[in-house]
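S.K.: Provided herewith is a single structure, encoded as structure tokens, for subsequent inquiry.
The values are calculated or read from the model by the stated rules, or taken from the named source; none is laboratory data. For clarity, every value in this text was computed on a predicted model and none was experimentally measured. Using ideal geometry, Cβ is built from the backbone for each residue, glycine included, and neighbour counts are taken over all protein chains shown.
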Amino acid sequence: MKVGNPLIGAALALLLVLATAQDDSGLPGVETQVGECLYCNVGVVHVMMANRVPTSTYRCITDETQEGDGESEMAYSINLPTAFVVANKEKLNTGVSSICIIGGSAIRTPVGKPDYIVIPPNAGIHFVASLSNRDRHLAQTGSRSVLVVRVTAPSSTQSASSASLADTTFGTGGQQYSMASQYSSCSAGKLTFVPASGYPGKVTNGVIDLLLPATVNNTNIFDLENSMKNSVKASLGVADLGNTFSNIMFCMPYGTTYLAGGSKDWLAYAYVPGQYSYYNNGWCSSLSAKMHEVG
């Protein structure tokens with residue numbers, strides 16, 4: 001078909017290339033054609049740094065219906081247009097908004113490489129009805145099951161033992177002040193955090209050990225999120241961690257960075273509304289860090 005305006009034709013061609021962009025890893029990701037939506041939930045990440053100056057960024061979390069292999073809770077780096085962020089910051093910062101990116105693509109890469117969103121130039125982005133249950137409010141009363149993931153990697157060992165992490169989180173070893181005891185005290189016993197259970201040989205006192213296949217030294221922590229989630233899901237035989245446990249805490253060994261080429265001195269971060277949280281080595285034993293990130 002002849003296009004009357006060559007500039008329009010060139011623009012459409014560029015959009016098509018960008019919208020179907022993919023790396024050579026063979027991983028599924030999500031591809032869309034021009035005019036179609038890439039749907040994702042905007043996750044807000046609040047990172048606590050060593051200088052105590054907080055920083056925030058946005059991540060794009062897809063629903064399993066969007067992923068070529070049906071994986072759930074996949075998180076991607078996303079560079080939202082500044083004008084869109086400025087105009088919608090209050091809504092985006094709730095951490096539970098769902099958006100449509102027309103012609104967008106989600107690119108999955110090998111472990112330790114960035115998974116990212118491609119936004120075509122001048123792409124339309126608009127809010128849509130929630131795609132998943134991420135907008136549910138975490139219970140402020142009752143009982144929450146918590147899974148602690150103790151992560152190790154070649155040449156990088158988490159300094160705290162599984163038993164120690166269970167003790168500082170739940171008081172299973174008799175520690176007087178734990179995350180669980182403090183939340184119970186602050187809520188007058190109305191909110192309790194209990195160790196994840198029901199996976200004999202895998203989870204002990206709420207803690208599961210995860211050994212990564214390669215070094216994490218100088219690797220962006222964000223680039224490990226998806227592979228770690230999938231590894232834990234495979235180990236436990238569950239389809240979705242967020243629908244299985246109330247809170248999931250990843251305790252990382254030292255060596256990862258916050259953002260590519262960034263500092264190794266990040267302390268902890270969590271997604272709003274706080275179901276997933278990540279800690280840099282010894283900070284997973286810190287009561288203040290856990291009270292700050294788990295929400």
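S.K.: Given the conditions (1) at pLDDT below 90; (2) under 25 Å from Y279 (Cα atoms), report the number of the one that R150 does not fulfil.
M.R.: The single condition R150 does not satisfy is (1).
S.K.: Find all pairs meeting these conditions: Cβ atoms under 6 angstrom apart; at least six residues apart or on different chains; first residue within the stretch 70-94 and outside any loop (DSSP other than H, G, I, E, B); second residue surrounded by 14 or more Cβ atoms within 10 Å (Cβ to Cβ) and among the small types (G, A, S).
M.R.: Close Cβ pairs satisfying both conditions: Y76/A106; K91/S97.
Results for (1) out of contact with any Leu (no Cβ under 9 Å at 6 or more places or on another chain); (2) of a type in the set (V, I, T); (3) under 26 Å from G142 (Cα atoms), shown as yes or no for each residue.
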| residue | (1), (2), (3) |
| --- | --- |
| L211 | yes, no, no |
| T215 | yes, yes, no |
| D223 | yes, no, no |
| S235 | no, no, no |
| D240 | yes, no, yes |
| N243 | yes, no, yes |
| S246 | no, no, yes |
| L259 | yes, no, no |
| S263 | yes, no, no |
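S.K.: Moving on to the next point. Return yes or no: is A260 surrounded by fewer than 19 Cβ atoms within 10 Å (Cβ to Cβ), of a type in the set (A, V, I, L, M) and over 18 Å from S145 (Cα atoms)?
M.R.: Here the answer is yes, as A260 does meet what is asked.
S.K.: Contact list please: Cβ distance under 7 Å, first residue in the stretch 277-295 and without any contact (Cβ under 8 Å) to a residue 40 or more places away in the chain, second residue crowded, with 23+ Cβ neighbours inside 10 Å and part of a helix (DSSP H, G or I), pairs at least six apart or on different chains.
M.R.: S277/E293
S.K.: Say we look at the stretch 154-166 and pick out the residues that are crowded, with 19+ Cβ neighbours inside 10 Å and modelled with pLDDT of 95 or more; which of these is farthest from P195 (Cα to Cα)?
M.R.: Of everything passing the filter in the stretch 154-166, A160 is farthest from P195 (Cα to Cα).
Per-residue answers, yes or no, for (1) over 12 Å from the mean Cα position of the chain (by Cα); (2) over 24 Å from T244 (Cα atoms):
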| residue | (1), (2) |
| --- | --- |
| V53 | yes, yes |
| R59 | no, no |
| T65 | yes, no |
| G68 | yes, no |
| E71 | yes, no |
| S77 | no, yes |
| N93 | yes, yes |
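S.K.: I need a count of the residues in the stretch 35-63 that are surrounded by fewer than 18 Cβ atoms within 10 Å (Cβ to Cβ) and not in a strand (DSSP E or B).
M.R.: Final tally of qualifying residues: 7.
S.K.: Pairs under 6 Å by beta carbon, first residue not assigned by TED's automatic domain parsing to the domain that holds N226 and buried (at least 18 other Cβ atoms within 10 Å of the Cβ) in the stretch 107-119, partner among the basic types (K, R) and in a loop (DSSP other than H, G, I, E, B), six or more apart or different chains?
M.R.: Close Cβ pairs satisfying both conditions: D115/R108.
S.K.: Next up: Please go through the stretch 60-97 and give me each residue that is closer than 17 Å to E225 by Cα and of a type in the set (F, W, Y), ordered by number.
M.R.: Y76
S.K.: Could you say which residue among A268, A180, A214, A239 is surrounded by fewer than 22 Cβ atoms within 10 Å (Cβ to Cβ) and over 20 Å from N41 (Cβ atoms)?
M.R.: Working: A268 fails: surrounded by fewer than 22 Cβ atoms within 10 Å (Cβ to Cβ); A180 fails: surrounded by fewer than 22 Cβ atoms within 10 Å (Cβ to Cβ); A239 fails: over 20 Å from N41 (Cβ atoms).
Result: A214 is the single residue among A268, A180, A214, A239 that is surrounded by fewer than 22 Cβ atoms within 10 Å (Cβ to Cβ) and over 20 Å from N41 (Cβ atoms).
S.K.: Tell me, please, whether a residue that is at pLDDT 75 or above, in the same structural domain as A106 (by TED's automatic domain parsing) and outside any loop (DSSP other than H, G, I, E, B) can be found in the stretch 15-29.
M.R.: no
S.K.: Looking at the stretch 182-222, which of the residues that are modelled with pLDDT of 95 or more and of a type in the set (D, E, K, R) is farthest from the chain's Cα centre (by Cα)?
M.R.: K202
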